[in-house]
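Novice: Sharing a structure below in C-alpha cells format, with a few things to ask.
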Amino acid sequence: MIKRILTLLIVILLPHLAQAAPAASAWQDEDFASVRVISARDGVKDVHTLRLGLEFALKPHWKIYWRSAGDAGFPPSINWQGSENIDSATATMIWPAPIRFSIFGLETFGYQDRVILPIDVPVQNSTDPVVLKMAVDYLACSDICVPATANLTLDLPADQGNISNHAHEIEKFAAKVPLKGHNLPIGVSNIWESSQDKNNFLNVTLRDIPEGVKPDILVEGKPTDSFGAPVATGQSLAGTPIYQLAIHNNAEAETLAGQNVTVTVLAGDLAVEQPVTIGDAPADGMVTGTLAPAANENGPHDEAQSGFVGPSKTAWWVIGGLALLGGLILNVMPCVLPVLSIKVMGAIQLGAQDRRGTRRGFLASAAGIMVSFWIIAGALAILKLAGGSIGWGIQFQQPLFLTTMTIIVVLFACNMFGLFEISANHLNNLANNAIDQQNSRAAQAPGNADTPSAQHQSMGGHFLTGMFATLLATPCSAPFLGTAVGFALAGSIFDIFWVFSLLGLGFAVPYLLIAARPEIARLLPKPGRWMAIVKFVLGLALLGTAIWLLSILANQIGLSGAIVVGLGLALASGLIWWRHVTSQQRRKPVLAGLATLAVLMALFAPGFSRPPSHAAQTASTTDTPNDNALPWQPFAPDKISQLVGEGKTVLVDITADWCVTCQVNKRLVIDTDAVRSALQADNVVLMQGDWTRPDPEIAAFLAKYDRYGIPFNAIYGPQAPGGILLSELLSKDQVISGLKAAQPKEGLANNQG
C-alpha cells in the first residue's frame, strides 16, 4: 500500500519537479576551483539567442585570466563539440572588466574569488530543445599554475522559456563589461610613444576621470606587445595628466606609431573599451612639467572652488580636522537642536545640586554618541565589503526607520507637554530621563541616589539620548562634513572608522565640556515656572520635527500612508492626554492600552501603503507650476555630455526631502534674485535628481565623484566638461563664479554684454 502511494506521488510530482529544475549544470570541482554553466532562461521557447553564464568559484588566492592574459597565462576557451541546436561558431563570450595582478615585474589580468563570464549563443530552432556539451579549458594560478578542463552538460527544453533564477546573477557581471561606442563617460584623449634612457614608453592622457580615482589602463596590441602598469608622470598635456606604460617587448622593435590598439580604461566603477591609433609625440612645449597648474587652467576640477578634495591629495590631518569641525557644527543644525535643548533642560534641572550626576550624565551621552557613530561606521563598512550602496543619511530612505523616529519624537513631545513622565523603570530606555522630575526626586532621596540600579538606569537613559541625537543628525550635512565622509567612504575600512570616530568626537564636544567642567551648569538659571514655558516651546519644536519626518515619509510610502501614520500618532497623543486628565484610575490602564494600539497602527501602516511611482515623484520635483519656479529638468546623467557638446552649461543638483542642508541651500542661495537670474540664462540647463527614495542611478553617479551623501551640486560646461564640484553649503558667489568658469567664452561675453 505504501509503495503504491509513493508511486502515485512520484507520478503527480514528477512534472512539477522537472519544471522547477534549475537552469544550471552540475558543478565540476577541482581542488582550486569549481565550474558550471548557468542559463538566463529555463528553456528555449521563443528564444533566438540564449544568454549563458560560465561561472567560476575560485578558492582563495587562485585566479583565472581575462581575454588578454598579459605577460603570462591564457583565457578560458570552450569546445562545443556534441552540442545540439546551437550555432557554436558565432557564440560570443563577453568579458567583464578584469583586475590587474603584478608580481616580479609581470603584469597579468584576470579574476579571483567568483566570476561569471556571460556567453551569447544563437539558437538554430526555438521549437527544438537545446543540448549543451561544453569542454572548458582554463588555467588557474596561485603560487603554481594548473591547467584544467571542465566537461559541462546542460539540457534546455523547448516547451519552456521563462527567465531563470540565474538571470540576475549573469546580468550583474554583464553590467561590468567595459562600455563601447560613442559618447563614453571617460576615455583616451591622446596616446603616443616616447623613449628615455633607451627605454620605450607608451604615453596616455585620459579625459573626464573622476577626482580622487586612480585609473588603470590596459592596452591590447599585437600578440608580441607587452606593457607595464600606468604610472602618473607628474606632467600634463592640455590640462590632463600623462600616464606612462613601459613597453616590455624588444626595445629595438619598430615604432608603434600608427599601430591600432584597444585600450581599456578602468576608473572605479567605470570601465570603457576604446579602439585608438598610436599617434605622434606632441610638439615641444605642449607638455607641462607639473600637474597642478595645468589641471586648474580651465577650472574643470578646481578643488578650491568645489570644496571637494580627493583622498589621495589630502593630508590626513586636514580630513581629521574637517571631521571634528563637521561633527561639532552638527550640534546646531535644525534636526539636532530639539534634542540638544532637551539635554540643556536636564542640566538646568540638575544645576549645581548634583555636580557628580551632571558629569556622569553628559559622559554617558557622549559615550552614546561615540557608540552610535561606531555602529554607523561598522554598518557602512559591511555594506562596502558587500558591494552595496553606502552613504550618509541613507537610512532616511527607509520607511520603517522614519516611522519609528516619528513615534519617538511624538512621545518626546508628549513628555514635554507634561502628559506623562518618563519613568526610570519604564520609558527611561527611550529618551533622556535627565528631564524627568520624578526620577530627579528619586535620585535625591536618601538611600536612592547612589544605588547601583538607579545609577545604571539613569546612565542608560543618558546613553540612549546620545544615540537618539546621532540618529537625528544623519540627514544634516554640516559644512565640512561631506568632505570628511566622502574621504572615509572612498577609502579603506580603517578610514571609515577613523573619520567616523572623529565625527563622533566633534559631535560630543559640548557634552564632554560640561562633563569636564560641571560648574558650567551653575551659570544656567535656577529652576522655576519659566521652565514650563521652555518645555512647551521644546514640545512644539519636537512636533515640528515629527511633521518634517512625516513629510519625508509621504514621499516614501505615499501621502495616504503618511496620513494614516499621523492620525495614529494623533489618536495616541489624545488618549495619552485623556489618561493624564482623568481622575478615574480604572480608565488609565485601558487608555494606555488603546494608546499603545494606536502607536502600533502607526508603526505598521507603511507596510500596507503603496509607495508613489518614481516617475511621479520625479515629476513633482521638476514641474514648474508658476512663472517664478526655475525650469528644472529630470536627472539624466547620460545627457550631460551631449548638452555640454551643444555649448550648454549644466547645473546638477542632487537633493532629498530629508536633507536639511539641501533645503537651506535652496532658500538662502538658489532662490535668491542674483543666483536665479544667472540660472535663467538661455544657455543654462538645470538638472535635478531626487534621492528621497533609493535610486541606484543617483548612488552610482555620486560614487563617481567619491561622494556618498548630499547635498551634491556640480556645474558642467564647455570650459569644464569634467564638472566643477561645489561645496555642500553653497554660497551665491560660488554658484555664479562656477557658472562663469564653465560657460563658453563667447557665451560669457554675450551674457555680460
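Taken together, the values in this text are just the output of simple stated rules run on the coordinates, not laboratory data. All values derive from a computational prediction rather than experimental measurement. Every residue, glycine among them, receives a Cβ derived from its backbone with ideal geometry; neighbour counts consider all protein chains shown.
Novice: Roughly what would the spin-label model give for Lys639 and Ile103, points 7 Å off Cα along C-beta, in nm?
Specialist: Label at Lys639, label at Ile103, 5.0 nm between them.
Novice: On to the next question. How would you order 108-121, 228-241 from highest to lowest mean count of nearby Cβ atoms within 10 Å?
Specialist: Details: 108-121: 20.4, 228-241: 17.0.
Top to bottom by mean Cβ count within 10 Å: 108-121, 228-241.
Novice: While we're here: What order do you get for Ile654, Ile493 when you list them from fewest to most C-beta neighbours inside 10 Å?
Specialist: Ordered by Cβ neighbours within 10 Å, fewest first: Ile493, Ile654.
Novice: So, one more: Could you give P(r) for segment 49-108, binned at 5 Å from zero, as whole percent values over all Cα-Cα pairs?
Specialist: Histogramming segment 49-108 at 5 Å steps yields 4, 13, 22, 22, 16, 11, 8, 4, 1, 0 percent.
Novice: Now for a different question. Starting with the fewest neighbours, write out Ile163, Ile64 ranked by other beta-carbon atoms found within 10 Å of each beta-carbon.
Specialist: Ile163, Ile64
Novice: Along segment 39-50, what does the Karplus equation 6.51 cos²θ - 1.76 cosθ + 1.60 (θ = phi - 60°) give for ³J(HN,Hα), rounded to whole Hz, x for Gly and Pro?
Specialist: After applying 6.51 cos²θ - 1.76 cosθ + 1.60, I find 10, 6, 10, 8, x, 10, 4, 6, 9, 9, 10, 9 Hz.
Novice: Distance between the C-alpha centers of segment 177-242 and segment 20-81? Whole Å please.
Specialist: Answer, in whole Å: 31.
Novice: In sequence order, what are the phi-derived ³J(HN,Hα) couplings for segment 212-220 according to the Karplus relation 6.51 cos²θ - 1.76 cosθ + 1.60 with θ = phi - 60°, rounded to whole Hz, with x for glycine and proline?
Specialist: Here the 3J(HN,Hα) series is x, 9, 8, x, 10, 10, 10, 10, 10 Hz.
Novice: Right, next: In whole Å, what are the extents of segment 20-174 along the principal axes defined by its C-alpha atoms, from largest to smallest?
Specialist: Each principal axis gives a Cα extent; for segment 20-174 these are 54, 28, 27 Å.
Novice: 5 Å is the cut-off here: which amide hydrogens, built 1.01 Å from N in the peptide plane, fall below it relative to Ile94, excluding neighbours closer than 5 in sequence?
Specialist: Distant-sequence amide H within range of Ile94: Ile119, Asp120.
Novice: Please compare each pair in Lys176/Lys666; Lys214/Lys648; Lys648/Lys704; Lys180/Lys214; Lys59/Lys639 to a cut-off of 31 Å on the Cα-Cα distance and tell me which ones are over it.
Specialist: Lys176/Lys666; Lys59/Lys639
Novice: Show me the GluC sites (Glu not before Pro) within segment 185-268 that DSSP assigns to loop and that have at most 16 other Cβ atoms within 10 Å of their Cβ.
Specialist: Sparse-neighbourhood loop GluC sites (Glu not before Pro): Glu252, Glu254.
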